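Visitor: Dropping a structure here in structure tokens format, bear with me for questions.
The values are calculated or read from the model by the stated rules, or taken from the named source; none is laboratory data. Fair warning: this is a prediction, and the values are worked out from it, not measured in the lab. Here the Cβ positions follow ideal geometry from the backbone for every residue, glycine too, while neighbour counts run over all protein chains shown.
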Amino acid sequence: MTTLRLVVAYLATVVRCAGIACILVQVVIWHSFYTQNAWRLAAPAVAVAWAITIIVYLRRSLPSPFLACLDSAVYLALALGAQQCVPPGIRDDAFCWLVISMTGQLIVPGWYAPSAVYPFLALASPVAYWAGAMRQPGADAKTLTGASVVLIIVGIVHGVGRRMLYGRAAAVDAALDRADRAASEQYAILSRTIERREHERLVHDTILNTLTALARVRGDDAAEVANRCRQDVALIEGALGQPDAPAAGARRPSGDLLGEVRAVAADMRDRGLIVHLEIGDGKGPAIPARVVTALSNAAREALSNVAAHAGTGEAWVRVRVTALEEAAEVPLRAEVIVRDRGDGFDPARVAKDRLGLRRSIVDRVADCGGQALVCPAPGQGTAVLLSWPASGRPRDPDQASPPWPDRRVAKDSLPW
């Protein structure tokens, strides 16, 4: 509805400008009539001044119902009392400046006056013009009838157009409101679903992995497992606690991806994994906190998989945050790469019930608008690429877009 009213206001300004041009042209053409008595210019001057006033007002805001009625009153007064300011040769003609001005004026009351009042305003215009013109000597009734019919037709067109388009605009607004409410409900459901999935991932990344380590624990490793349990408990408390709780605040990411990845690398070193960390230049705080959480937790899971399944105690992590062009939707692009030179694996031989990579890495990064690529090579290691925002195409020919690319990692792309 707002868009329709703005468009009509723009059209009203265009019509008023055309009306001003018509008045000026006819004053120039009939200059001899107006130069005989200067007071005859009073009515055209009033019409031009009022049209300019309405144009300036419409450029700033939409007209109120009161202004629409006042606009009609001004032109009704001109129709009743300004006939002597119209040259006799066009006084009863449908193309005189007075009829053209009144025709263009009907658009404002037609679309902005109260719907119950507009029929009277639309009917008053031809009646006022007829009454004012018939008082002049030599008026032609047939010509006046034609001009009055033009005013009536224009009034009917605006009334019918308003009824039809306003009704459709109201229906569209109602549909948009329903769609907005439905989208809000779906967004709330999606948010709860994403939160629940993240909690499930944390259970997998912490509790299940810790229980697996407990099942393999030896006497000499008890202290290491206890330390790991404390770290997992702190991680879960920080993720599941209230936002204003001290424990949650201590673990809640601030948007600094570089700092969070450093903390993940430090935790994994405490667990005995050798982590080579390469930090590029970038501005961490500019990245949304939810993205930092997803990328850092996905990197943690990738390093946990290296420690548990790769058959090696060494991994390489590279973090890059690069600025994009000013026209980009997001100012930065974040990238985390985790590589190892362990045993690797064949994706086709991974059991469907093993959801660590798919849930804790691929889906986790996708939920924040990013992309995760897992590139395993049996006997050559595994590379995990985490990027945000998601790119529409692979970075290079060796990295395909599906989350389980059936490709091998190029040897010259590995850090060893």
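Visitor: Which fully enclosed helices (runs of 4 or more DSSP H) of the range 36-137 have 3 or more residues being among the acidic types (Asp, Glu) and touching a helix residue (DSSP H, G or I) at 6+ places or on another chain (Cβ under 9 Å)?
Guide: Passing ranges: none, list empty.
Visitor: Let me ask another. Could you tell me whether Arg354 is in the same structural domain as Ala294 (by TED's automatic domain parsing), charged (D, E, K, R), at pLDDT below 85 and in contact with a Leu (Cβ under 8 Å, 6 or more places away or on another chain)?
Guide: The answer is no for Arg354.
Visitor: For the range 265-280, how many residues meet the condition of being in a strand (DSSP E or B) and not β-branched (Val, Ile, Thr)?
Guide: Number satisfying all stated conditions: 3.
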